[in-house]
1. Give the long-range amide H neighbours of Ala87: residues separated by 5 or more places, or on another chain, with amide H under 5 Å away, using H modelled in the peptide plane at 1.01 Å from N.
2. Using a 1.4 Å probe over the heavy atoms of the protein chains, calculate the carbon and sulfur portion of the accessible area of region 89-156 as a whole percent.
3. Can you list the HN-Hα couplings for region 164-173, worked out from phi with the Karplus curve (6.51, -1.76, 1.60; θ = phi - 60°), rounded to whole Hz and with x for Gly and Pro?
4. Between Ala123 and Ala48, what's the calculated FRET efficiency when r is the beta-carbon distance and R0 is 41 Å? Round to 0.05.
5. Accessible area, 1.4 Å probe, largest first: how do Leu175, Leu104, Leu79 sort?
Amino acid sequence: MRQNSHRRALRVAMAVVAGLVLGSGLPPAADAQWVSSTVKPTGTYTMAAPAYRFSGPAATTYTIAYTIVNFVDTDYPVLTNTGATPASYTGQIQPGTALPLGSLVGVRACATPWTAGTCPAGAVTLLAPTWLAPMPTLAYQAVPIPAGGRVHLQVKVGGFLATASITLTVTSAVLPTGGANRTAG
């Protein structure tokens, strides 16, 4: 019996010591090394956003007036990524007037400026000749445009004996996926 009471007293003493250590608020040794980073309670936090500009007077659209005399007219707009990160751009080709009979549009891209209707770097077809009704949508580049980069477009419009216009618009701009969430610190 004496041995059981001795063990019971030893357990009570150990529980009291453990309670005092845990209740004293002393942090465990692993937490003693932790230091918080500086906190900025004010300031502006921004994330990358896609931004672009078409060559021509309007930054958000590019309008091409065409007269169908030779059945095909060609224009060479340039789309520039003015954002700080690579981005992809898609959008529609909208007719600006009533559609002439048989109106078709085709779009090709070049990494360098077009020279006499040819692409020295090798053209990429973005939109094969397509009827303008309903309005076609296309990706304005084959791969994301790097920050500050450009895509040189060739837009061919065809129809029968009419005058009209089309407008290129961007309806979606997407940053590449992947990478770390930088908003979490």
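1. Ile145
2. Numbers: 2130 of 3300 Å².
Carbon plus sulfur share of accessible area: 65 percent.
3. 7, 8, 10, 10, 8, 10, 9, 10, 8, 10
4. Values: r = 30 Å, r/R0 = 0.72.
Step by step, r from the Cβ atoms, then E = 0.90.
5. Leu104, Leu175, Leu79
The values are calculated or read from the model by the stated rules, or taken from the named source; none is laboratory data. The shown structure was predicted, so the numbers you read here are calculated from the model rather than taken from an experiment. Methodologically, a virtual Cβ is constructed for each residue, glycine included, from the backbone with ideal geometry; neighbour enumeration extends over all protein chains shown. To get the accessible areas, we keep the full protein, side chains included, count just its heavy atoms, and leave off ligands, DNA and RNA. Shrake-Rupley method; radii C 1.70, N 1.55, O 1.52, S 1.80 Å.
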